[in-house]
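Single-structure report; data block below.
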Amino acid sequence: LDLALRRQSENTPPLPASLGARAVARTADWVIGWAALLLVLLVFPGALTTQEGGSPNGSSGSSTTAEFTTAGSIIASIVIAAVLATKICCLALKGWTLGMKMVGVTLVRHDNGGVPRWGRAFLRAVVQLLSWLMCVGPLLLAVSVTADPSRRQGWHDRAAGVDLVRLR
């Protein structure tokens with residue numbers, strides 16, 4: 001963040017994060033989130049039930065399926081909400097998630113290069129979540145980032161007035 005702020009004070013705009021850095025950071029954040037969910041589900045063995053059954057194509061082989069119990073669904077929902085809340089908190093207070101920190105990028109306000117704070121971090125997360133819920137999110141977000149090659153802002157970044165920039 002210091003480098004981004006230093007460039008801002010030198011009237012040199014910070015360099016936008018590359019598409020590769022965005023992808024690696026997002027993948028790392030997803031892996032961390034899924035690992036947290038898996039860990040919680042392992043700690044609460046009653047969260048999943050398994051069922052033995054025939055194979056779906058009718059052959060004599062058997063298969064085992066795992067399904068969430070009602071308690072498991074509640075637990076999974078709580079963990080997912082906690083992961084999202086953690087992401088929003090990290091972005092609002094520090095400007096980065098663990099994945100972003102690993103690849104050397106940070107989120108800054110477009111107007112002054114500062115930390116996004118609560119409103120911008122929350123709005124960015126809501127726009128991302130809505131695009132994912134529409135089942136076209138990954139494609140739309142990827143296309144929106146390439147629409148402006150000089151700033152590489154996604155729609156979620158534009159809506160929140162933030163830029164994802166390189167620190168290295």
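What follows draws every value from the coordinates through simple rules; no lab data is involved. Computed from a predicted model, the values in this text were never measured in an experiment. No Cβ is skipped: glycine too gets one built from the backbone with ideal geometry, and neighbour counts run over all protein chains shown.
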If you take the charge dipole of the stretch 63-126 about its Cα centre, with +1 on Lys and Arg Cβ and -1 on Asp and Glu Cβ, which of 98, 85, 116 is farthest toward its positive end? 116
In the stretch 66-98, whose amide N lies under 16 Å from the spot 7 Å out along Cα-to-Cβ of residue 133? List them in ranges. 77-78, 80-82, 84-85
Per-residue counts of other Cβ atoms within 10 Å, averaged by peptide: what ranking do you get for 81-87, 99-105, highest first? 99-105, 81-87
